[in-house]
1. What are the ³J(HN,Hα) couplings of segment 272-282, residue after residue, when phi is run through the Karplus curve with 6.51, -1.76, 1.60 and θ = phi - 60°? Round to Hz, x for glycine and proline.
2. List the pairs from LYS27/LYS276; LYS27/LYS122; LYS35/LYS75; LYS216/LYS276; LYS108/LYS276 whose alpha-carbon separation is above 28 Å, in the order I gave them.
3. Just the accessible area per residue of segment 285-356, please: how many Å² with a 1.4 Å probe?
4. So what does LYS339 come to for accessible area, using a 1.4 Å probe and Å² rounded to 10?
5. Determine one quarter of the surface area of the Cα convex hull of segment 1-92, which equals its mean projected area, and express it in nm² to one decimal.
6. Among the trypsin sites (Lys or Arg not before Pro) within segment 1-82, which fall in a DSSP loop and have no more than 10 other Cβ atoms within 10 Å of their own Cβ?
7. For segment 243-356, what percent of Cα pairs sit more than 22 Å apart?
8. Please list the three semi-axes, largest first and in whole Å, of the ellipsoid equivalent to segment 282-340, using sqrt of 5 times the eigenvalues of its alpha carbon gyration tensor.
Amino acid sequence: MFPHHREREQPIFSARAHVFQIDPTTKRNWIPASKHAVTVSFFYDATRNVYRIISVGGTKAIINCTVTPSMTFTKTSQKFGQWADSRANTVYGLGFATEQQLHQFAEKFKEVKDAARLAREKSQDKELANTALTIAAPQFSQSPPVMCVNGPEDKLFRSQSADITLSSEKERIKKMLSEGSICEMNLEAELFTLQDSNSKLVAALHEANANVEQWKKQLTAYQEETERLRDQVADLEAHGGQGPSDLLKDELTQSLEELEALLKAKDEEIHILQSKKAEYHEMEHQRDEAIHRLREMEMRNSELERRIQNTEQNLSNSLEDRDRLDSEIQRAIEILDIKIFDLNDLRQSLVKLIDK
């Protein structure tokens, strides 16, 4: 099936990139799908009016994704981008060699997504037109009898108008649900990025805390050594020439200066680690906000799904009412045919009576 599609499809854009897939277990880490950079191409199937993203590594299809209007390509860094494929239940990531290649791929992705959206809208409009023609066709084929039963005909037109209105409402709600899914996928991608950054910051913070404890111990030892050297220097100054020589005094003074410089450097490193700790708290706050927005979007999607179910139920009820009206009209037509047949027999009987 795959080679048959490739014969009908035409490539419209290609790029070289490293391909990754999200870890299905953790939903946070990336798993390399190729050892080296591979070709990632957009294909267009004119027969089915479908766009696909395909990448092949050796004899294996790494990416085989049909582009839909609900997909969104997100740039997460200067050379990396990702998008979610709900059909394959995964998230694809692409790493490019330059920022320009990432920009070109993102622009082409947007163009293909817009083209897929227009193709779907045209297909839906065509299906709606065919449905309208199918519903309207029996009215013209039964036009003479229906003209004699104006009441049921008016009910039939009202039923069809309600049917079209409900179908429009259903399409509008599905569009809203699709937009909600786009926002949800964007939030999920943002959450993945924040969680990845959060894990890195947590590891760095743990390492920094361990280093801080070690540096505090070293700092205490250096301070004790400094105090001891200062006492020795003061003792030398107090005893004059009775103690060690001036050369030993100069060496002790130099050692003291070196220890003070080292203490200053350690203080600066501790200050930098404290600033990183503040950044970590900020990232945690952003992650909590992203989780909150994701939950709100899930609640909104649930509400939209409930509205779609109600609309489908109303549409089903309307279709049942229409079928019932069709049955009543058919019975009225049969009764009318019988009456016409009886009148025709009566007319022929009267003609024979007059001829006699």
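1. For segment 272-282, the Karplus-derived couplings read 5, 5, 5, 5, 5, 4, 5, 4, 4, 5, 5 Hz, x marking Gly and Pro.
2. Cα-Cα > 28 Å for LYS27/LYS122; LYS108/LYS276; rest within.
3. Ligands and nucleic acids excluded, the figure is 79 Å² per residue.
4. LYS339 has an accessible surface of roughly 120 Å² with all protein chains in place.
5. For segment 1-92, averaging the hull's shadow over all directions gives 6.6 nm².
6. Filter output for segment 1-82: LYS35.
7. Every Cα pair in segment 243-356 considered, those over 22 Å come to 77 percent.
8. Sorted largest first and rounded, they come to 57, 5, 4 Å.
The values are calculated or read from the model by the stated rules, or taken from the named source; none is laboratory data. These numbers were taken from a predicted model, which means no experiment stands behind them. Note that each Cβ is placed from the backbone with ideal geometry, even for glycine, and that neighbours are counted across all protein chains shown. Side chains included, ligands, DNA and RNA excluded: accessible areas come from the protein's heavy atoms. Shrake-Rupley method; radii C 1.70, N 1.55, O 1.52, S 1.80 Å.
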